[in-house]
Each structure stands twice: as structure tokens, then as C-alpha cells.
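The values are calculated or read from the model by the stated rules, or taken from the named source; none is laboratory data. It should be emphasised that the depicted structure is a prediction, and the values quoted were computed from it without experimental measurement. A quick note on method: Cβ atoms are made from the backbone with ideal geometry, for glycine too, and the neighbour counts reach across all protein chains shown.
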Amino acid sequence: MARSVSLEPLQILFREGDEATNAYVIVSGRIEIYHEQADGGVERIAVLQPGAMFGEMGPMDDAPRNASARALEKTVLNIIDMV
């Protein structure tokens, strides 16, 4: 069952190492997938646009998140529970 959530600009959705139980579909806005560096910097992996699905690999593999995700602007996501 899917539900929706709204994120503000730069709001963090999840961090690398978090438990992974959901996948997400972007309804509007953009999501940045990134690695946090030891020096506080950020290594950008991808910027995802509306229609993109992400976050499904962790729950499918029963593994923690392997990257962090945050909104780059006001963003609406559909959350898909996978457990």
C-alpha cells in the first residue's frame, strides 16, 4: 500500500546505513542521492526526477541504505512499504 509524504528543500529522507523498509516514487520535485564524506562534504551520485523509483534495493536485499537521499526542492513522494 502506498502513502504520500511532502519534503522541504534539503530535508533528508534517509541516511546511509539506515534500515531500509520502503521504496519511493517521486511525484513532484527532485531527490539527490549522495554519499556523505568524512570531511563533511557530499559526493553526488544522482539527481532523480518525477516518475523515478528509488530505494527498492535495500528492502529487496534485506540490507541497510547504501547512500543518503534528500530533497533538492519541495518534493512529494509516494512511499511503498516493502516489508
Among the candidates Ala52, Ala69, Ala38, residue that is surrounded by fewer than 17 Cβ atoms within 10 Å (Cβ to Cβ) and either in contact (Cβ under 8 Å) with a residue 12 or more places away in the chain or touching a Cys at 6+ places or on another chain (Cβ under 6 Å) (or both): Ala52
Positions within the stretch 50-73 being under 14 Å from Gly17 (Cβ atoms) and in a strand (DSSP E or B), in sequence order: Ser68, Ala69
Single residue of the stretch 1-24 satisfying the filter (part of a strand (DSSP E or B) and of a type in the set (A, V, I, L, M)) that is farthest from Leu77 (Cα to Cα): Ile12
Test set (1) buried (at least 17 other Cβ atoms within 10 Å of the Cβ); (2) at pLDDT below 95 - Met57 fails condition number: (1)
Odd one out for Glu32 among (1) in contact (Cβ under 8 Å) with a residue 60 or more places away in the chain; (2) of a type in the set (Asp, Glu); (3) surrounded by 15 or more Cβ atoms within 10 Å (Cβ to Cβ): (1)
Qualifying position, being under 21 Å from Ser4 (Cα atoms) and not in a strand (DSSP E or B), among Val83, Val76, Val27, Val47: Val83
Val47 vs. criteria out of contact with any Cys (no Cβ under 7 Å at 6 or more places or on another chain), at pLDDT 95 or above and surrounded by 15 or more Cβ atoms within 10 Å (Cβ to Cβ): no
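With respect to Gly17, is the statement that it is free of Cβ contacts under 8 Å to residues at least 12 places away in the same chain and either surrounded by 13 or more Cβ atoms within 10 Å (Cβ to Cβ) or on the phi > 0 side of the Ramachandran plot (or both) true?
Considered against the rule, which asks whether it is free of Cβ contacts under 8 Å to residues at least 12 places away in the same chain and either surrounded by 13 or more Cβ atoms within 10 Å (Cβ to Cβ) or on the phi > 0 side of the Ramachandran plot (or both), Gly17 comes out as no.
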Yes/no for Gly55 being touching a Phe, Trp or Tyr at 6+ places or on another chain (Cβ under 9 Å) and not aliphatic (A, V, I, L, M): yes
